[in-house]
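Below is one structure, written out as structure tokens; comments come after it.
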Amino acid sequence: MLVSNKIIRSIFLIASATFILFTMSLCRLQDGTDIGTEESSPDSELFFFDYKDIIITTTSTIGTEIKNCNIYLDVYNDLIILGELENSSSTIKTDIELTIDFIGQNSWPIYTAAVPIRTDYLAYGARYPFHYYFTKKDKYIEIESVKIGVNYREYKDAFKGNPIAEIEEYYYEKDYLMIKGKTVNLGKGKIKNLRLLCTFYDSKDRVVFIKECFLPRGRMVPGEVQDFTLKVLMDSYLKEFTHFHFEIFFEDEIKVNI
């Protein structure tokens with residue numbers, strides 16, 4: 001009889017504990033606080049997102065080419081679009097604006113972005129590297145393709161200035177890549193608003209990142225030379241690259257007669 005009472009008490013305790021746990025679970029479900037019933041966040045949805053499935057297309061325009069495009073997620077799970085705009089014509093382009101359309105199923109537009117081009121003029125043969133950070137993570141899973149286009153106007157005048165960038169050496173110093181060179185104004189006019197950009201590529205010629213190089217002077221007279229050094233930290237945040245290219249942008253300094 002004693003054994004039977006112990007068995008009965010054990011069954012009662014197990015039943016009570018089960019009831020209490022069920023009640024607590026029910027309360028959690030009603031409160032929405034149960035771990036298994038949390039609403040999925042954009043970051044959790046990224047588990048099912050593969051940016052490598054996204055197709056990049058470009059719209060063709062006369063005299064320009066969008067090339068070497070790339071897409072990837074950075075360490076902060078921001079979706080980055082990169083590429084280059086090349087002036088393949090014999091005329092100068094101005095008032096340039098890139099557009100990036102994020103497209104979902106059945107060609108349904110998800111989002112459209114305008115990418116500012118921080119140069120007033122793009123000379124013939126010049127390549128301007130661009131990038132765009134798309135941070136709307138709740139939209140990532142819907143993206144099937146990205147379409148990149150460009151708008152511009154023709155610039156009729158010819159440049160008086162003609163700056164070029166020459167690489168003299170590059171080497172590694174501790175955790176840094178050091179690139180040294182010089183800029184020379186080979187033109188017959190003064191120039192201003194100088195910007196020197198370095199584009200890094202992977203083995204497939206896709207743009208992986210872009211660095212702006214500090215120049216001591218933003219203006220140069222004809223024949224002037226100035227040295228520059230680009231210092232790149234080789235840390236885990238940096239994408240792997242195989243080669244790089246410098247491009248210099250500027251404006252003619254126009255004299256105004258008073």
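Somewhere in segment 201-208, is a residue among the basic types (Lys, Arg) and either in contact with an Asp or Glu (Cβ under 6 Å, 6 or more places away or on another chain) or modelled with pLDDT of 95 or more (or both)? First the steps, then the outcome.
So in segment 201-208, the residues among the basic types (Lys, Arg) come out as 204, 206.
Adding the requirement that they be either in contact with an Asp or Glu (Cβ under 6 Å, 6 or more places away or on another chain) or modelled with pLDDT of 95 or more (or both) leaves 204, 206.
Scanning segment 201-208 turns up at least one residue that is among the basic types (Lys, Arg) and either in contact with an Asp or Glu (Cβ under 6 Å, 6 or more places away or on another chain) or modelled with pLDDT of 95 or more (or both).
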| query | Can you name every residue in segment 101-126 that is under 14 Å from residue 56 (Cα atoms) and of a type in the set (Gly, Ala, Ser)? | reply | 104, 107
| field | Unmet criterion (only one of (1) under 19 Å from residue 119 (Cα atoms); (2) outside any strand (DSSP E or B)) for residue 188 | value | (1)
| With segment 41-147 as the region, which strands (runs of 3 or more DSSP E) entirely inside it contain at least 1 residues that are in contact with a helix residue (DSSP H, G or I) (Cβ under 9 Å, 6 or more places away or on another chain)? | 64-73, 79-87, 92-103, 109-116, 127-134
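The values are calculated or read from the model by the stated rules, or taken from the named source; none is laboratory data. Keep in mind the model is a prediction, meaning the values are calculated, not measured. Cβ atoms come from the backbone with ideal geometry, glycine included; neighbour counts cover every protein chain shown.
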